[in-house]
Amino acid sequence: FFFKGCLAFPSNAKAHKRWRKFSLRMTNLYKVLILCVSASVKALAFSVAHVGEAKKTSGGREPSQPDKIDPSELWEADPTQASECRLIVCQITDVYTLENFASFKTLVEETKSNSEGATVVSMLTGDFLSPYLLSSVDRGAGMMNALSKIPLDYLTWGNHEADIDHKKVVSHVRNFPGKWINSNMLDHEAMESQQEYDVIELTSPDGSQSRKVGLCAVLSDDRALYSHFKAPGAFGGATLTDPWEALAKYKSILENEEDCDLVIPLQHLYVPDDHKTCRDFDFPVVLSGHDHHRVDEVVEGTRLLKPGMNAVYSTILEISWMNKEASQPRIRARFVKVDDWEPDPVLQEENERAYDALIPLRKTELARVPSSFEPLSSGNARGEVCTMGKYICSLLRSSMNVSRRQRKHDIDAVLLMGGNIRGNRDAYPRGSFFSLEALEAEVKSDEVVGIVPMPGWLLAAGVEASHSGEPIPGWMQYDQGVGQDDSFRPPKVTHVAGKPLDVDRTYRVATKISDLTNGQIQCWTEYYSENRHLLPPKGAYINIQSELMTYFARNLWRKIWEATSKVIREECTLDDDACAAEARLDVLDKSGDGTVTVDELQDALRDLVGYSVDEREQSLAQFVHSFVDSTGDGIVRVDDIETFCEEINDVYERDSWRLASQKLEKQI
């Protein structure tokens, strides 16, 4: 039987498993009303209903509903009894910020002090070295420092640990002071600094009993997660084996060779794969990550716990044997809000200093954010159409539709899966500018899109399919020209390119090509797997960051052009249609050598345009310089400015030189 807050098993594990499955089937077939008299019968009734609910929903939830959690287990840490063996696990997962670690440190310390006699361990179950902006700059140094200062007891692999330089990851593994458990990637280069499993030994305060709890850890081997890596592949070419084969192997070792009383699998898998573990094994509890929302549910008698991302919440799992006669442990768990604990001041200061590496990016302005997109947010990009996702898609659509030298794309829509909007930031301040920091945080530097023909019916079906059920990386973000009717569930697509949807029309859509066939949106996978001739060659892919930076550079050069016109007018008469290339060069060329350098354009952005820039970060100025350099020889001379003079009348007439945001606010 599974009782609320505790587990009690028949002595025969196989018989218990059969009983659980039988009970679950009966619950799903019948609506049983059990009139409860004693507290134990009430607990049984609640638990049977809870198991049935878990099976029915399969771990999913409507997008508008809160995380799937059970709020009824409210208890606080307390000292163990003399004869009791107790283990407490503080688990966090999928952390892309240092913000909550100082409070998590306090949480762990207070749990230890309030649970005298218990063994308290802390763990992070994967995804902490990427993807977030700080790690793209410091390669995980700030993160690993914070984890060591908690100090964290256990780390396990997440798929995003493969995103940064492999040699740097190997160094992090070897320098981590805690235990790094890895049960299904055994040929990893730094395996000598990892453990295939671990055994936690518990002893009661009076010494009357001892227990063992085994830990093993598995990472998803889904090929789609690693298909974008060049040879030798993700994790330096290490081999990821089937996670369930690894679980079976180490469960047997821990139970039969290490004589463990209980085995806890630590997983970095999506909910459907977690459910497979629950169905195929008789683990009483599973601790997992990978999904970014919280999950607390019971699947065929196994409790699945996922605390959600960024250490906003921590799982507190308590396992205790009250005396040596206890055949099975009491198990209870809850989620706690991490920032309810006061942050450790020393660690908080260290974490704040780690972000100093981003100051140059933070001060580099790319564009002003229009009010229709405020407040910018990417905190739930896998569960809703967020403002940051819509803003980036809208900018990209406008950029690709701008006529430029040698190309014009003419696209109708931009669709990006939520997993590609990666900043995980709940809200940017209102009135702020879109910075280089924000661009780097939200979109990977190597992320690319291609243009595909997509029938209207297929576009609508794919977007609607991605917006049904629980949050997923494939939750589709789109530009401001796409509209949905939220009165339907899931919301129906009603507009594309700012006009009513035509299901029979074939639209030109910019999207990440690999997402069309990776299985996350089934109708797209089936259609494009059967029509691969519609997919563009890799040589036609467009880098998102580069595309947007060129677009911003184009707009900023227009601002510099207008600013130089103002300066020249103050010194002499200048007709509106005059080129005055030499006069413009004189305004920008501070050194007087007849050329305009990146440094001089950086000064112009600051002094003439009034943009916020940082002298240590010249990426934007470099893009402006590259745009103005019409010959591509790396030098901007007067003839490059004259070339722009020849284009400018046509450019003003055709594109009105407006930022994407100004155009978009008039579209719908």
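The values are calculated or read from the model by the stated rules, or taken from the named source; none is laboratory data. In this text, all values refer to a predicted model and were calculated from it rather than measured experimentally. Counting neighbours? That spans all protein chains shown, and the Cβs are built from the backbone with ideal geometry, glycine included. Accessible surface is based on the protein model in full, side chains and every heavy atom, while ligands, DNA and RNA are left aside. Shrake-Rupley method; radii C 1.70, N 1.55, O 1.52, S 1.80 Å.
Pairs over the 30 Å Cα-Cα cut-off, from the set 149/324; 149/337; 112/324; 390/566; 105/168; 168/559: 149/324; 390/566; 168/559.
Give me the distance between the Cα centres of region 303-325 and region 363-382, rounded to whole Å. Rounded to whole Å, the Cα centres lie 36 Å apart. Highest-first packing order for the peptide set 547-555, 203-211 is 547-555, 203-211, based on the mean count of other beta carbon atoms within 10 Å.
Percent antiparallel among DSSP beta bridges with both residues in region 173-306, to the nearest 5?
Among the beta bridges of region 173-306, antiparallel pairing accounts for roughly 40 percent.
Computed from the alpha carbon atoms alone, the convex hull of region 111-205 holds 103 Å³ per residue. Express in whole angstrom the spacing between the alpha-carbon centres of region 72-143 and region 461-502. Each part reduced to its Cα centre gives a spacing of 38 Å. Of the solvent-accessible surface of region 374-453, computed with a 1.4 Å probe and all protein chains present, 44% belongs to carbon and sulfur.
At a 1.4 Å probe, what is the % contribution of carbon and sulfur to the accessible area of region 207-359? Summing carbon and sulfur atoms, their accessible area is 45 percent of the total for region 207-359. Accessible area per residue was computed with a 1.4 Å probe on protein heavy atoms; residue 492 scores about 90 Å². Net charge dipole, region 204-303: roughly 360 debye, given to the nearest 20, about the Cα centre with Cβ charges of +1 for Lys and Arg and -1 for Asp and Glu. Counting only protein heavy atoms and using a 1.4 Å probe, the accessible area of residue 593 comes to about 90 Å².
Rounded to 0.05, the FRET efficiency of the residue 622 and residue 248 pair, given R0 = 45 Å and the Cβ-Cβ distance, is 0.25. The average projected area of region 234-346, computed from the convex hull of its Cα atoms over all directions, is 10.3 nm². Run the accessible area of region 466-611 with a 1.4 Å probe and give the carbon-and-sulfur part as a rounded percent. With neighbouring chains kept in place, the figure for region 466-611 is 46 percent.
In this simple spin-label model, placing a label point 7 Å from the Cα along the Cα-to-Cβ direction at both residue 612 and residue 224 gives a separation of 3.9 nm.
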